[in-house]
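Read the structure below first, then the notes.
All of the numbers you see were taken from the coordinates with simple rules; none came from a lab. If you're wondering where the values come from, they're calculated on a predicted model, not measured in any experiment. Glycine also receives a Cβ, built like all others from the backbone with ideal geometry; neighbour counts cover every protein chain displayed.
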Amino acid sequence: MIEQVLKGPEVEIGGVGYVIPDASGSPGSLDGLKVRHRARCRWWDPGATTLDRVALIPSSAVTPTGGPVPALSATPVEAVGAYYDTVPLVVGHYWASPDEIELYSPYVACVDYSVAKGGPMVAYRWSGEDLLDASNYVVHHVDHAHSDEDLPTVEDE
């Protein structure tokens, strides 16, 4: 149960599975990476009722041999608990693509746009509105050119 709270519901995708290359995005070796046969779900989307619509597979994912992940089938899947509440909800932990910063629904905003993979740091500035508004996203582009060695340490201060 705690894993579902932290990561969201998942769906079995079958097939060859997929791997997610390291956070740097470098092609490197895929050896030793966990092959995934489950994907997170678009639980906020009541229209996501088939495997190809419900499964969230990162755009950086590849097959274990490095090829493109095949398209998923339009097989109907069991409901994954769409968010029908009218209380705005802000979520993270989805490593969304920074190419399209958008609301997941009028009530769900994601603020995880892969800052650890070179994307921007994103926040949502909520002012009590009933329906979320994409213009309330605040995006900060981080200078990823500096490595951890460039950061000050306690001894430097």
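The stretch between residue 144 and residue 102 holds 12.9 nm of extra length on full extension. This uses 0.36 nm per residue minus the Cα-Cα distance. Using the Cα coordinates of segment 62-126, the gyration tensor eigenvalues translate into equivalent-ellipsoid semi-axes of 25, 21, 8 Å, sorted from longest to shortest. Per-peptide packing, taken as the mean over residues of other Cβ atoms within 10 Å, places 37-50, 119-132 in the sequence 37-50, 119-132 from highest down.
Give, in nm to one decimal, the length gained when the segment between residue 129 and residue 38 is fully stretched (0.36 nm per residue of separation minus the Cα-Cα distance). List each step's numbers first, then the result.
Values: separation 91, 0.36 × 91 = 32.76 nm, distance 3.49 nm.
Using 0.36 nm per residue and subtracting the Cα-Cα distance, I get 29.3 nm.
The orientation-averaged projection of the convex hull spanning the C-alpha atoms of the chain amounts to 12.3 square nanometres.
Pairwise inverse Cα distances across segment 1-82, averaged and inverted, put the Kirkwood hydrodynamic radius at 13.5 Å. Along the Cα-to-C-beta direction of residue 136, a point sits 7 Å from the Cα; which residues of segment 87-125 have their amide N less than 15 Å from that point? It comes to 87-91, 102-111, 123-125, nothing else.
Taking 0.36 nm per residue of sequence separation and removing the Cα-Cα distance, the residue 52/residue 71 pair yields an extension gain of 6.1 nm.
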